[in-house]
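*Asks:* Sharing a structure, written as structure tokens. Questions coming.
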Amino acid sequence: MSRRDLSILVHDVGKYVARTARNLPPQPTREMIDMLVRDLYELRPGQRASRVFASLAEFAGAPPLEDVRAMFGEIDGLEAQVRAGALAAVMRAAAIARDIETRLRAVAVGP
Amino acid sequence: MSRLLVIEDGDEYAEFARVFLTDLEVTAAHSAADAIEALRTHGADALLIDLRFDRAPPSALVGDVESTAARLFGGDCERARRYLQDEQGTLILADVRAAGFALPALFVHDFPPRRLANLRRLYGDVTAVPSLDAATIRRALGGSP
């Protein structure tokens, strides 16, 4: 994966998947939850974040990115509850999204 | 600081700012020309600028693909197009500075220190934060978290 591809992965996926997640208060408004839904499940037109990630992460066999793939799987599994505004699911999905951003940045920086 | 001009090719930054930086008056622009017009018409106290513009039409980008290809990439227009997209935020900032606006500019990007120092040498008051974190951005813009 080129440095440019890695930068795109960090910034086009990591930054935006955590856009709302990083800023959620303990009792988020419906507007904030709708933003989170867009970040996680409609990151690009017709594409959930996990799909955008998969299309960019060409060498997803590397351990850090396998972790991220699994985390996106958990986010996708929470979709119905997040869309419904179930607070526990919203907060869990947000926590995973923040972790994804952190892990992608760590991969970009390298050891 | 109360007026923030967001410059991006989508609407993600502006939406973020309107929801999480509610103490700021947010306006948005999608090109250098839009931004300069907004600054002349409404003014602003700071800029929040996206770096990559991969969704903007080529006609809206600062920089010409063919001349950039000839100047920097040995005639390779595809590499020139990617360069113009990847660096569009800094190219827009250059145009804004050339138009006479010296207001603080903030990027949400983890630039290497030398790259950020170079941007400051070229464009003056430039700050960068790594994430769309409202408290960090507010601090970077000179407000309280």
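*Asks:* How high is the FRET efficiency from B:S2 to A:E42, r the C-beta distance, R0 22 Å, rounded to 0.05?
*Replies:* So, using R0 = 22 Å, E works out to roughly 0.10.
*Asks:* Next question, about the same structure. Rounded to the nearest 0.05, what FRET efficiency is calculated for A:E31 and B:D45 with R0 set to 22 Å and r the Cβ-Cβ distance?
*Replies:* The pair A:E31/B:D45 has a calculated efficiency of 0.30.
*Asks:* Taking 25 Å as R0, compute the FRET efficiency from the Cβ-Cβ separation of B:S67 and A:S2 and round it to 0.05.
*Replies:* For R0 = 25 Å, the calculated efficiency reads 0.50.
*Asks:* Would you kindly give the portion of the calculated P(r) for chain A that falls above 20 Å, as a percent of all Cα pairs?
*Replies:* Tail of the P(r) past 20 Å holds 33 percent of the pairs.
We did not get these values from a lab; they are worked out from the coordinates using the rules stated. A quick note: this is a predicted structure, and the numbers were derived from the prediction, not measured. Ideal geometry is used to build each Cβ from the backbone, glycine not excepted, and the neighbour counts take in all protein chains shown.
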